[in-house]
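First up is the structure itself, then whatever we jot down about it.
The values are calculated or read from the model by the stated rules, or taken from the named source; none is laboratory data. Predicted model only: the values in this text are computed from it and were never measured. Virtual Cβ from ideal backbone geometry, glycine too; neighbours counted across all protein chains shown. Heads up: the accessible areas ignore ligands, DNA and RNA and are worked out on the full protein's heavy atoms, side chains in. Shrake-Rupley method; radii C 1.70, N 1.55, O 1.52, S 1.80 Å.
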Amino acid sequence: MKSILVLNGPNLNLLGTRQPEVYGSVTLAMVEQDCKAHGTKLGFDVECLQSNHEGALIDAIHAAKGKHQGIILNAGAYTHTSIALMDALISVEIPAVEVHLSNIHAREPFRHTSYIAKAALGQICGFGAKGYLLALDALAAHLAEAAPS
Ligand code: DHK
């Protein structure tokens, strides 16, 4: 069975209580549960991981090589700063979809830049927690196209 890694970065462990007017009231546990359930419908095994540490996120991307066929990444604020995360994604050559709960392009100018976008198939932002499920759909379509069964 194909496996997808859902990776969340800094402060996303606070989902549900952190600025709910921006990030919504759904907790990370609920997001992860929904991703697993949606993955099952699509025929994917879904593994979820969250870290507040850049190095741990890089290690998780490296460890995904040979284990996961796709990555869904919300790198939180590292999106706007981390060349190291971009390089990690490029290095492992695993198709990745970037997700943000908020519409980063409608917010402060410093959030308009994404290093992750340079290494991702595409970006889904502004749809709240549903964005993760849309990203799973996008990866399913991409992987089916790449290797039709
Ligand atoms: C989450 C964060 O933590 C912010 O730093 C990003 C992103 C946006 C989100 O919308 O999911 O700027």
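Residues in the stretch 90-149 that are open to solvent by less than 60 Å² (accessible area, probe 1.4 Å) and among the β-branched types (Val, Ile, Thr): Val92, Ile94, Val97, Val99, Ile104, Ile116, Ile124.
Please enumerate the residues belonging to the stretch 107-139 that are farther than 21 Å from Met30 by Cβ and in contact with a strand residue (DSSP E or B) (Cβ under 9 Å, 6 or more places away or on another chain).
Scanning the stretch 107-139 gives Arg111, Ser114, Ile116, Ala117, Ala119, Ala120, Leu121, Gly122, Gln123.
Counting only residues that are within 12 Å of the ligand (Cβ to nearest atom), surrounded by 15 or more Cβ atoms within 10 Å (Cβ to Cβ) and of a type outside the set (Ser, Thr, Tyr), the stretch 19-37 holds 4 of them. The single condition among (1) in contact (Cβ under 8 Å) with a residue 60 or more places away in the chain; (2) under 15 Å from the mean Cα position of the chain (by Cα) that Lys130 does not satisfy is (1). I'd like to check something: does the stretch 83-95 contain any residue that is without any contact (Cβ under 8 Å) to a residue 40 or more places away in the chain, polar (S, T, N, Q) and either in contact with a helix residue (DSSP H, G or I) (Cβ under 7 Å, 6 or more places away or on another chain) or within 13 Å of the ligand (Cβ to nearest atom) (or both)? No, because not a single residue in the stretch 83-95 is without any contact (Cβ under 8 Å) to a residue 40 or more places away in the chain, polar (S, T, N, Q) and either in contact with a helix residue (DSSP H, G or I) (Cβ under 7 Å, 6 or more places away or on another chain) or within 13 Å of the ligand (Cβ to nearest atom) (or both).
Residue-level check: of (1) among the small types (Gly, Ala, Ser); (2) out of contact with any strand residue (DSSP E or B) (no Cβ under 8 Å at 6 or more places or on another chain); (3) at positive phi, Ser25 misses just (3). Answer with yes or no whether Ala106 is within 12 Å of the ligand (Cβ to nearest atom), among the hydrophobic types (A, V, I, L, M, F, W, C) and free of Cβ contacts under 8 Å to residues at least 24 places away in the same chain. Considered against the rule, which asks whether it is within 12 Å of the ligand (Cβ to nearest atom), among the hydrophobic types (A, V, I, L, M, F, W, C) and free of Cβ contacts under 8 Å to residues at least 24 places away in the same chain, Ala106 comes out as yes. Restricting to the stretch 7-18, name every residue that is part of a loop (DSSP other than H, G, I, E, B) and either modelled with pLDDT under 95 or near the ligand (Cβ under 9 Å from one of its atoms) (or both). Matches in the stretch 7-18: Gly9, Pro10, Asn11, Leu15, Arg18.
Please indicate, with yes or no, whether at least one residue in the stretch 61-72 is in contact (Cβ under 8 Å) with a residue 60 or more places away in the chain and within 14 Å of the ligand (Cβ to nearest atom). There is at least one residue in the stretch 61-72 that is in contact (Cβ under 8 Å) with a residue 60 or more places away in the chain and within 14 Å of the ligand (Cβ to nearest atom).
Figure legend. Inter-residue proximity from the stretch 1-18: first residues closer than 18 Å to Ser102 by Cβ and basic (Lys, Arg), second residues outside any loop (DSSP other than H, G, I, E, B) and open to solvent by less than 20 Å² (accessible area, probe 1.4 Å), beta-carbon distance below 9 Å, spacing 6+ or different chains. Indicated pairs: Arg18/Leu12. In this structure, does Gly43 turn out to be free of Cβ contacts under 8 Å to residues at least 12 places away in the same chain and either charged (D, E, K, R) or open to solvent by 10 Å² or more (accessible area, probe 1.4 Å) (or both)? Judged against the criteria, Gly43 is not a match.
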